[in-house]
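The structure under discussion appears below in the form of C-alpha cells.
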Ligand code: NDP
C-alpha cells in the first residue's frame, strides 16, 4: 500500500483563503479589521523567522499585524505592562507571545496575563480548562490544524483508536483532548510508555509529537492507519548540508499507512493558518458575530 499524502500546504492555503473571505466580510458588513499582536522577546533566529512569516500572512489575509520586538533583557514588569496595554486595545483581537521566553521571565505568568479571549495560542489556563471540559475555548493552533486535516480525511473520527505520542502542553495534551472531543479512544504515550511499538500498532490514528527525528518506523504502523507527523527536526544530509524531517520515518511509514502528512508541507503550514483562523474567531466572539463553521471546534 502507498499512503495518500495529506497535503498540509494546500489545506493551509484553503484555510487562509476562507479566513481572508471572512475578514473581507467583517470589514464590509461591520467595519471591523481583526488585529493580531505578536510579541517577541530577544533575537532567537528561529523565532524571528516564525514571527516574520506570521506577520506576512496576517497582512495577506487582510488583518492588521502589530509586531512588538523587545530586548532580550526586558523586565517581567515591562512585558506584563505591554500585555496589559494589548489586552485593553480594541484594535487588537489576538495576542501571541512567541515562546520560548528568555530564562529570567516566568512563562506561565506571562501567558496567563493575556486576556483569555485574546489568547489565540490557546495556552492560558482558562482556555486549557475550557477545552478539557468540552466548552468553547481558544484551541492551540498545531493540534487544531491536525484535527482539521483528520476530519477532512476521515469525516467522522468517532470510535477510532488514536495514539498521541508526546504529552506537552502545546501539542500532545490538547491534541488528546480534541480527539477525545471527537469520540476517539485516545492513548497518550510518552517517554515512560512501556512497549511503545505495541501501543502504536493498535492505532487507527497516530499523532507523533516527540521531537526525535524519524523515531517511528513503518513496522510500528497498523496497515491503513493515518499518520500525522508534528515533528520538525533538522538533520545532516548525505553529502553535506541539512534537511527537515519529522518524528516518523516517512518512507517506511508511507509504505504501510493509509494516509500521512509530509515534513515539510504537512502540519507546519496548518499551524499559522490556524493562528489566523483563531484571530478571526476571537474577533467574531468579541463582537457577537456568528463564527465560521470549520475554522474552529
Ligand atoms: P516537547 O519536548 O515539549 O515534548 C515531547 C514529548 O515527547 C514529551 O511528552 C516526551 O515525553 C515525549 N518523548 C520524548 N522522547 C520520547 C520517546 N523516546 N518515546 C516516547 N515519547 C517520547 O515537544 P513539543 O510537544 O513542543 O514538540 C514536539 C515536536 O513537534 C517537536 O519536533 C517540535 O519541533 C514539533 N512542533 C511542531 C509544530 C508545528 O507547527 N509543526 C509546533 C510545535 C511543535 P515525557 O513527557 O515523558 O518527557
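Quick notes on this one:
- Hits in segment 128-144 (condition: assigned to a helix (DSSP H, G or I), in contact with a helix residue (DSSP H, G or I) (Cβ under 7 Å, 6 or more places away or on another chain) and crowded, with 17+ Cβ neighbours inside 10 Å): 131, 141, 142, 143, 144
- For segment 260-267, the criterion of being assigned to a helix (DSSP H, G or I), within 14 Å of the ligand (Cβ to nearest atom), closer than 26 Å to residue 197 by Cβ and touching a residue at least 12 places away in the same chain (Cβ under 8 Å) is met by at least one residue.
- Where residue 253 falls short, out of the listed (1) within 14 Å of the ligand (Cβ to nearest atom); (2) touching a residue at least 40 places away in the same chain (Cβ under 8 Å): (1)
- Verdict on residue 150 being more than 24 Å from residue 6 (Cα to Cα) and not in a strand (DSSP E or B): no
- Out of 93, 87, 64, sole residue that is touching a residue at least 60 places away in the same chain (Cβ under 8 Å), surrounded by 12 or more Cβ atoms within 10 Å (Cβ to Cβ) and either within 24 Å of the chain's Cα centre (by Cα) or farther than 22 Å from residue 122 by Cβ (or both): 93
- In segment 158-191, the residues that are in a helix (DSSP H, G or I), out of contact with any strand residue (DSSP E or B) (no Cβ under 9 Å at 6 or more places or on another chain) and within 15 Å of the ligand (Cβ to nearest atom): 174, 178
- Residue within segment 235-242 that is closer than 16 Å to residue 146 by Cβ and out of contact with any helix residue (DSSP H, G or I) (no Cβ under 8 Å at 6 or more places or on another chain) present: no
- Listed by first and then second residue, the pairs with beta-carbon distance under 6 Å, at least 6 apart or on different chains, first residue in segment 153-166 and closer than 13 Å to residue 177 by Cα and at pLDDT 95 or above, second away from the ligand (no atom under 16 Å from the Cβ) and assigned to a strand (DSSP E or B), are 162/205.
- Within segment 96-115, the set of residues being within 17 Å of the chain's Cα centre (by Cα) and part of a helix (DSSP H, G or I) comprises just one member, 111.
- Filter pass, residue 225 being closer than 30 Å to residue 16 by Cα, over 19 Å from the mean Cα position of the chain (by Cα) and more than 12 Å from the ligand (Cβ to nearest atom): yes
- Which listed residue, of 212, 194, 234, is over 20 Å from the mean Cα position of the chain (by Cα), within 14 Å of the ligand (Cβ to nearest atom), surrounded by fewer than 24 Cβ atoms within 10 Å (Cβ to Cβ) and over 30 Å from residue 296 (Cβ atoms): 194
- Enumeration of residues in segment 145-159 that are buried (at least 17 other Cβ atoms within 10 Å of the Cβ) and farther than 22 Å from residue 262 by Cα: none
The values are calculated or read from the model by the stated rules, or taken from the named source; none is laboratory data. All figures in this text were calculated on a predicted structure; none of them were measured in a lab. Note: ideal-geometry Cβ built from the backbone for every residue, glycine included; neighbour counts use all protein chains shown.
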